[in-house]
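Report on one structure; see the data block that follows.
FYI, it's all coordinate maths here, none of it is from the lab. All figures in this text were calculated on a predicted structure; none of them were measured in a lab. Counting neighbours? That spans all protein chains shown, and the Cβs are built from the backbone with ideal geometry, glycine included.
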Amino acid sequence: MSDGAPAKQTFQAVKGTKDVLPDIAPYYQYVEEKARELFALYGYQEIRTPILEATELFARSVGQASDIVVSKQMYTFTDPGNRSNTMRPEGTAGVVRALVESGAFKETNQQKVFYMGPMFRYERPQKGRLRQFTQIGMECFGIPHPAADAETIILSTELLKAVGFRDISVKLNNIGDQECRRTYNEALREAIAGSSKWCPQCRERAAINPMRVFDCKVLECKEMTASLPSVIDFLNPTSQRHHRTVCEILDAAGVPIELDTELVRGLDYYSQTVFEVVHNGLGAQNAMLGGGRYDYLVEELGGPPTPGVGMSIGLERLIMAMQASEIIPPPAPPPEYYLLALDDDSIITVSRLAVLARRHGNRVAFDCQPRTARAGLKAADRSGATAAIIIGTSELERNVAQWKNLENGEQMELTLEEIERNLSE
RNA sequence: GUGGGUAUAGUUCAGUUGGUUAGAACGCCAGAUUGUGGUUCUGGAGGUCGUGGGUUCGAGCCCCACUAUCCACCCCA
């Protein structure tokens, strides 16, 4: 500012955000590509909704139960027009809003869509938890039949298999409809009130969201949850049938499932099927994929009564799991040719050759500046190119170029015409 | 919101009880080869030791605060 050494300001990524540098980007591309392939096979269409939504949309979708807590974990701000906006913390609400708003549900209530993109939650970062993270998700609307639940789970596991995971198992549960859950929650409250050994937090959970006691990490509580009533015993006949059919279809499809009556989902709009896939390389936040049925959400968000089932994948967690499982995405293909200009006079000719080769679909590396033969070949070698084409003044004068095979080291002198012919293949 | 760990070169990390000029590996650049890669050898660049204060004759090391980061709790759409 004043005198002395100028202080150079440096910047770093905002807390809880992460750069996807070129060494990691292939993981994202690979998973996204596999996901797109599968969504196409299953007839799911892409939908892209804004990152910004009216705050009220999310406030409504998550309901009152976790209202206070959740609102603190959202990126909410007042825009210059004095409207309260929120950066989406999840994908489903925006998708529902878009389909309702566009009138899609008036033509047919059956919609199969997928999305992928960044989500934002204002939370304390830890392993597997960022403030900006990426989700790939899918939603199937309008089909109450358990076959839709099963298809969602099947696609999920097929995707994980396509990415390269082996021995994956889906944790599956059914939490009934709203009526079942009301009676079940009451039973839980009673059971928890019956013992004084629960931790203070579990006592609080009993009041707000009793099923969450199954997530408690206190050892004593964990032991006690085993003797709590099971949700399965509170399912009405419809829910029982639904659950059984989902299991039967998955069984027939050869999808390994692991029934887990302690698997819960907090929010009111969930119903029936809930599922999750965890991976043990992920730390405390070990779910890499989760989903379930939500037959009450569309109506809650102002649409016609429409059942729905969906899932979403936490891409960063999935990638961590890939790394823990040593699944490596295919690397970007190396250049076929490495074009090397030894001096400034050769740049125009080499640039022209690069354009020619690329127009014919060849991957070409070119430094866009003169390099010494030593530095250029070193770089060419590292690039993985199979051949280097070298031009300096002595080649320029004679209208030739050196063609060097980088695998066996053989080098020959070709006329520019011959080079052009080769690069046009 | 709560608790614990960490912060030294581009990266991963050493750094003795507090002692002179802060090191290694990898990477980068260059030379050996004045226009030819991989292996090898030699050399070089690159650090406000996170920031600010304190203790001390002396601090990368000890103390305090702040910041960042990691992990866990809480919560988990």
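Relative to the longest principal axis of the Cα atoms of chain A, the long axis of helix A:373-383 lies at roughly 30 degrees.
Quote the FRET efficiency, to the nearest 0.05, computed for residue A:217 versus residue A:90 with a Förster distance R0 of 22 Å and r equal to the Cβ-Cβ distance. Result of the calculation: an efficiency of 0.40. Given +1 at the Cβ of Lys and Arg, -1 at the Cβ of Asp and Glu and no other charges, the dipole of chain A around its Cα centre is 1120 debye to the nearest 20.
Centroid-to-centroid, using Cα positions, region A:187-242 and region A:30-53 are 36 Å apart.
Model label points for residue A:378 and residue A:19, set 7 angstrom from Cα along the Cα-to-Cβ axis, are 2.4 nm apart. Shape class for region A:337-423: rounded, because the ratio a/c of the largest to smallest gyration tensor axis (alpha-carbon atoms, square roots of eigenvalues) is under 1.5. Among the listed pairs A:15/A:217; A:72/A:197; A:127/A:222; A:112/A:217; A:18/A:171, a Cα-Cα separation exceeding 32 Å is found for A:112/A:217. Reported to the nearest whole Å, the Cα centre-to-centre distance from region A:77-134 to region A:371-398 is 50. Relative to the longest principal axis of the Cα atoms of chain A, the long axis of helix A:347-359 lies at roughly 50 degrees. Under 1.5 on a/c is rounded, so check that first for chain A, then, if it is not, pick prolate when a/b is larger than b/c and oblate when it is not; a ≥ b ≥ c are the square roots of the alpha carbon gyration tensor eigenvalues. Because a/c hits 1.5 or more and a/b exceeds b/c, chain A counts as prolate.
At full extension, residue A:425 and residue A:410 could sit 3.3 nm farther apart than now, given 0.36 nm per residue minus the alpha carbon distance. Judged by the mean number of other Cβ atoms found within 10 Å, the most tightly packed of the peptides A:156-162, A:269-275 leads the ranking A:269-275, A:156-162.
Highest mean packing first, where packing is the average number of other Cβ atoms within 10 Å per residue, the peptides A:290-303, A:363-376, A:200-213 line up as A:290-303, A:200-213, A:363-376. Summed over qualifying helices (DSSP H, 4 residues or more, each -39500 (n - 2.57)) and divided by its residue number, chain A shows a 222 nm mean residue ellipticity of -11500 deg cm²/dmol.
Toward the positive end of the charge dipole of region A:337-423, with +1 on the Cβ of Lys and Arg and -1 on the Cβ of Asp and Glu, the farthest Cα among A:368, A:346, A:414 is that of A:368.
The gain in end-to-end length when the residue A:262 to residue A:182 segment is fully stretched comes to 27.2 nm, 0.36 nm per residue minus the alpha carbon separation. Pairs of Cα atoms nearer than 8 Å and 6+ residues apart set the relative contact order; for region A:352-425 it is 31 percent. So what's the angle, to the nearest 10 degrees on a 0 to 90 scale, between helix A:146-163 and the longest Cα principal axis of chain A? Rounded to the nearest ten degrees, it is 30.
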